[in-house]
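J.: Attaching a single structure in structure tokens format; questions to follow.
The values are calculated or read from the model by the stated rules, or taken from the named source; none is laboratory data. Keep in mind it's a predicted model, so treat the numbers as computed, not measured. Here the Cβ positions follow ideal geometry from the backbone for every residue, glycine too, while neighbour counts run over all protein chains shown. Accessible surface areas use protein heavy atoms only, side chains included; no ligands, DNA or RNA. Shrake-Rupley method; radii C 1.70, N 1.55, O 1.52, S 1.80 Å.
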Amino acid sequence: MFNKEVYIERRAQLKKLVKSGIIVLFGNNESPNNYPSNAYYPFRQDSSFLYYFGQKRDGLVGVIDIDNDKEYLIGDDIDIEDIVWYGSVDSVADMAAQVGVTNTAPMNKLKEILSPLPPGGAGGGPSIHFLPPYRHDTKIQIMDLWGIHPSKQKEAASQPLIKAVVKMRATKTPEEIEELERAVEIGYKMHTTAMRITRPGVTEKYVGGQVDGIAHSYGAQVSFATIFSQHGEIMHGNPSMDILESGRLVLCDAGAETINHYCSDHTRTFPVNGKYTQRQLDIYRIVEECHDYVLDVAKPGVKYMDVHFAVCRLMTERLKELGLMKGDVDEAVAAGAHAMFLPHGLGHMMGMDVHDMEGLGQIYVGFDEETRPNLEQFGTNCLRMGRRLEEGFVVTDEPGIYFIPALIDDWRKSGHCAEFLNFDLLETYKDFGGIRIEDDVLITKDGCRFLGKNRIPYHPKDVEAFMAK
């Protein structure tokens, strides 16, 4: 937790942006795994609740009454039976004081506190503002409070509140950048551990488990389910019991979340036996060049969508040189032919969520009134971040090249983009897998930089030298 002045200032700024009404920020409750008392561990608080109220305990709601200038932390104090099992914890009043909140109330008073105003501005006056819920228990709570069916709650959520939260959380403050740097340093330890213990004969599951353990051992947790697979062509290939084989590539996409809930997200692709083949290097060096090119073009005022397509054009040029693509580069990219190899966007926002604020709606987070998504074209429809970059934004830089057998077959059968693709040569790459290189990028005053003082090896000679130790 940061000092209480940080949370006081954040709530003050939020009030100015939303202007009137009552803001309700729902914290998370415990989530049972397979029966009620066996909950998923560790407990993860809602990120926006954490951002404004800082407390990690379950069963809390934050209320900000803008017009009456009153703030509440709502929640029930634990009883003696809870203390027996879990030990003593701070009272709700103590937790409120720690983040500069004066008023508290038990959960059964929440409806009474909110009763003066309707949700969503009914009647045109001041209203209650809430964010789109993503947990079913919160959806039930909202239905109990205001009678809004869960299927209607996303559209009933407050656009002024969504836009205010996105505006604030998108630009990282110095203390947030310090936390993100900590997350990146833990990520460095996770990925270098994976490189150190990868060898023929061990299982994907073994390496993936060790990677997760590194995150937990530094007081953190994984920022998302670790991806570790010899099938790099599968975007989210979680570790299996498959045995690592000499001559194959393995893709490791993993990140840490600090004790204060800021995330890292990195990907490395390396040879199981520690030495790249020439064919692997031919593809790898294209991804490496695209990854590094982002540092030259990403800066404040530039649309990340434009950075994405600049990378796609560079990738297409290099794939033409290998004979995998053909035709005019600009026409190929406009047609979406590059998505045969890169079916996702260049990156996404980073922060307290690994896909920062994605639950608030990507149309608000990665796009704006000026920059709109293209939802029609395959590949481009997965671009999560397109808006103009601003100083203090943190985004991922994660180009990749994948050879997906089913996609190759599908496009070949339909003739899709046949004028730009060499399907005969593509056939010979069906056993290749995929390559992705990913780092977290801070947008600075004049350009950008990678976060973290230690760089996870990714240049081929550095990877091979590290794995040879």
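J.: Do we have Thr258 as within 24 Å of the chain's Cα centre (by Cα) and more than 21 Å from Ile435 (Cα to Cα) here?
T.: yes
J.: Determine which single condition Gly219 fails, assuming it passes every other condition in (1) open to solvent by 40 Å² or more (accessible area, probe 1.4 Å); (2) out of contact with any Phe, Trp or Tyr (no Cβ under 9 Å at 6 or more places or on another chain); (3) within 30 Å of Val6 (Cβ to Cβ); (4) part of a loop (DSSP other than H, G, I, E, B).
T.: (1)
J.: Which of the following residues is aromatic (Phe, Trp, Tyr) and without any contact (Cβ under 8 Å) to a residue 12 or more places away in the chain: Tyr72, Tyr7, Tyr40?
T.: Unique residue meeting the criteria: Tyr40.
J.: A further question follows. Among the residues in region 48-56, are any touching a helix residue (DSSP H, G or I) at 6+ places or on another chain (Cβ under 6 Å), surrounded by fewer than 18 Cβ atoms within 10 Å (Cβ to Cβ) and not in a strand (DSSP E or B)?
T.: Scanning region 48-56, I find no residue that is touching a helix residue (DSSP H, G or I) at 6+ places or on another chain (Cβ under 6 Å), surrounded by fewer than 18 Cβ atoms within 10 Å (Cβ to Cβ) and not in a strand (DSSP E or B), so the answer is no.
J.: Is there a residue in region 16-33 that is in a helix (DSSP H, G or I) and within 27 Å of the chain's Cα centre (by Cα)?
T.: Scanning region 16-33, I find at least one residue that is in a helix (DSSP H, G or I) and within 27 Å of the chain's Cα centre (by Cα), so the answer is yes.
J.: Go through region 228-256 residue by residue and tally those that are under 25 Å from Asp356 (Cβ atoms) and touching a residue at least 40 places away in the same chain (Cβ under 8 Å).
T.: 9
J.: Further, regarding this structure: In region 193-216, which residues are open to solvent by 10 Å² or more (accessible area, probe 1.4 Å), in contact (Cβ under 8 Å) with a residue 40 or more places away in the chain and of a type in the set (Gly, Ala, Ser)?
T.: Gly201
J.: In addition: Can you spot a residue in region 156-171 that is under 21 Å from the mean Cα position of the chain (by Cα) and among the polar types (S, T, N, Q)?
T.: yes
J.: Based on what the data block shows, is Asp77 surrounded by fewer than 18 Cβ atoms within 10 Å (Cβ to Cβ), out of contact with any helix residue (DSSP H, G or I) (no Cβ under 6 Å at 6 or more places or on another chain), charged (D, E, K, R) and not in a strand (DSSP E or B)?
T.: No; evaluated as a whole, the condition is false for this residue.
J.: Please go through region 96-115 and pick out each residue that is surrounded by 14 or more Cβ atoms within 10 Å (Cβ to Cβ) and among the hydroxyl-bearing types (Ser, Thr, Tyr).
T.: Within region 96-115, just Thr104 meets the criteria.
J.: Being closer than 21 Å to His308 by Cβ and open to solvent by 80 Å² or more (accessible area, probe 1.4 Å) narrows it down to one residue among Glu419, Glu438, Glu376, Glu398; which is it?
T.: When all the criteria are applied, what remains is Glu376.
J.: Are there any pairs with C-beta distances below 9 angstrom linking a residue in region 352-379 that is more than 20 Å from Glu390 (Cβ to Cβ) and without any contact (Cβ under 8 Å) to a residue 60 or more places away in the chain to a residue that is open to solvent by less than 50 Å² (accessible area, probe 1.4 Å) and of a type in the set (S, T, N, Q), with the two at least 6 apart or on different chains, and if so which?
T.: Pairs found: Asn374/Thr380.
J.: In region 160-178, how many residues are out of contact with any Gly (no Cβ under 9 Å at 6 or more places or on another chain) and either open to solvent by 50 Å² or more (accessible area, probe 1.4 Å) or farther than 26 Å from Gly21 by Cα (or both)?
T.: Looking only at that region, the number is 5.
J.: Let me ask something additional. Could you tell me whether any residue of region 222-238 is modelled with pLDDT of 95 or more and in a helix (DSSP H, G or I)?
T.: The answer is no; no qualifying residue exists.
J.: Are any of the residues in region 85-95 part of a loop (DSSP other than H, G, I, E, B) and crowded, with 16+ Cβ neighbours inside 10 Å?
T.: Looking through region 85-95, none of the residues is part of a loop (DSSP other than H, G, I, E, B) and crowded, with 16+ Cβ neighbours inside 10 Å.
J.: Also: For region 1-43, name all the residues that are closer than 24 Å to Leu180 by Cα, open to solvent by less than 40 Å² (accessible area, probe 1.4 Å) and of a type in the set (Lys, Arg).
T.: Arg10, Arg11, listed by residue number.
J.: Here's a follow-up. Is region 357-366 home to any residue that is part of a loop (DSSP other than H, G, I, E, B), of a type in the set (Val, Ile, Thr) and surrounded by fewer than 23 Cβ atoms within 10 Å (Cβ to Cβ)?
T.: Scanning region 357-366, I find no residue that is part of a loop (DSSP other than H, G, I, E, B), of a type in the set (Val, Ile, Thr) and surrounded by fewer than 23 Cβ atoms within 10 Å (Cβ to Cβ), so the answer is no.
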